[in-house]
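Just below is one structure, and these are the notes that go with it.
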Amino acid sequence: MCLAVPARIVELNDDRAVVDAMGNRWAIRTTLLPEAKLGDIVLVHAGFAIATVDEEEARQTWELFEQIEQLRTNEPTGTEGAG
Amino acid sequence: MSDRAEAARRRMVRDCEALGRPVRIMEVCGTHTVAIFRSGIRASLPKGLTLLSGPGCPVCVTEQGYIDTVLELAQRDDVILATYGDMIRVPGTAGSLETVNRPGVRVVLSTDDALALARERPDKTVVFAAVGFETTTPATAVAVGQAAQEGLDNFCILSGHKRVVPAMAALLSDATNRIDAFLCPGHVSVIIGSEAYRPIAQRFGRSCVVAGFEPVLILEAMAAICRQLVEGRAEVESLYAAVVRPEGNPRAMELIDRYFEPCDGPWRGLGRIPEGSLRLRAEYERFDARRRFGLEERVAPEPAGCRCADVLCGRIEPVACGLFGSRCTPDTPVGPCMVSSEGACSAWYKYGRRGGRDGAG
Ligand code: SF4
């Protein structure tokens, strides 16, 4: 549950943001990362941005997630909660 | 295997030979545990090098008494129990949140969702089951701050938040520990910073290397650890410097410190760890569910036969548990290490054969 997901900030209003990762969009807060700007890629954990990351780092993680997703759909069980 | 991974592996083999003794590296992050299994890293390790899975999964180290308290609260008619999904299937002494099946149990994706529930339902008290390491704690801190600001008096938290570094110190304080070095968690370190491990390196003389989650990064971190051992160094090194700063995330640390204070608290398997837990500071204790409902800290026995305690301390591998794979599987979990997708038992069950024994790589 300590895993954070990289996502790009596509809307930003005060500390409320909408992020996009691999086409999925959801609302998060940037309270913990006041320096976050529109267009930045941030690591999101339990609804909060915790760090900015660069394109390369984000791309690698997204690829890793895709592989995990593929594996997971082949698995008998999955107990996923707060990523 | 990529060139970089192969090069790291070769360095490890050479260094382990030079050392001529067993090397045991503990990973303190459930996500690493899973990544290590899935990538088959275990099978490609040099002879003499062992990876131990540590207390890196927050659900797994949550003590049975806490789970029982959560279950007790979930059964009150005046309570809505808000929890991250990870906790839903963890068995308490009598059932899990899933089996109590009360309408008042809600899975939330963030503390914001828990606050929204409190606003929608002024007739109920929303209790947020606040578990997790330092990655998760700041989100709870923000929620408590917001509840205080809004005067949202029907919101409170049951703090089960834990601190990673005191647990590492506790493991090393046990004279029988077999840990030579730590592979430090990526995303916890984003918050606490790589410098947070300095006391472990200095006081206990153990290398602490922060790693990302790509298999090649994990291998390179392990190679860096072997190098330190050969050279007789015990230092903090971050191979994840693009994301983890030495000082961590100052804003998040400040928020944790504003609302919480360290206290001694029970961990599954590790007993009471000095300063290993976090409780709300006195100014915010009106948001403490224990205080609001007059709950005592409960101590409950571990499920019979379950050896999660030994697994979490790196004393045994999950397969050494008599229930592993027979009575205890991901579909019928007996202990939390089998419930959580990041738990060591679950990782062994799902990937053990591929990652551990077929000698590939
Ligand atoms: S296999 Fe199951 S019962 Fe045994 S230690 Fe792991 S979780 Fe506990």
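Among the residues of the stretch A:10-29, what is the count of those that are within 10 Å of chain B (Cβ to nearest Cβ) and among the β-branched types (Val, Ile, Thr)?
Number satisfying all stated conditions: 1.
Which ones in the stretch B:317-351 are aliphatic (A, V, I, L, M), under 19 Å from B:Pro301 (Cα atoms) and more than 6 Å from the ligand (Cβ to nearest atom)?
Result: B:Val339, single match.
Could you list, in sequence order, all residues of the stretch B:118-161 that are among the hydrophobic types (A, V, I, L, M, F, W, C), within 14 Å of chain A (Cβ to nearest Cβ) and surrounded by fewer than 24 Cβ atoms within 10 Å (Cβ to Cβ)?
B:Val142, the sole residue that qualifies.
From the list A:Ala36, A:Ala7, which residue is touching a strand residue (DSSP E or B) at 6+ places or on another chain (Cβ under 8 Å), more than 12 Å from chain B (Cβ to nearest Cβ) and buried (at least 20 other Cβ atoms within 10 Å of the Cβ)?
A:Ala7
Got a number for residues in the stretch B:132-163 being outside any loop (DSSP other than H, G, I, E, B) and on the phi > 0 side of the Ramachandran plot?
Residues that pass the stated criteria total 1.
Scan the helices (runs of 4 or more DSSP H) fully inside the stretch B:210-312 and keep the ones with 3 or more residues being within 14 Å of chain A (Cβ to nearest Cβ).
B:215-230, B:250-259
Since every read-out is calculated from the coordinates, none of them should be taken as a lab result. Here the structure is a predicted model, which is why all the values come from computation and not from measurement. Glycine also receives a Cβ, built like all others from the backbone with ideal geometry; neighbour counts cover every protein chain displayed.
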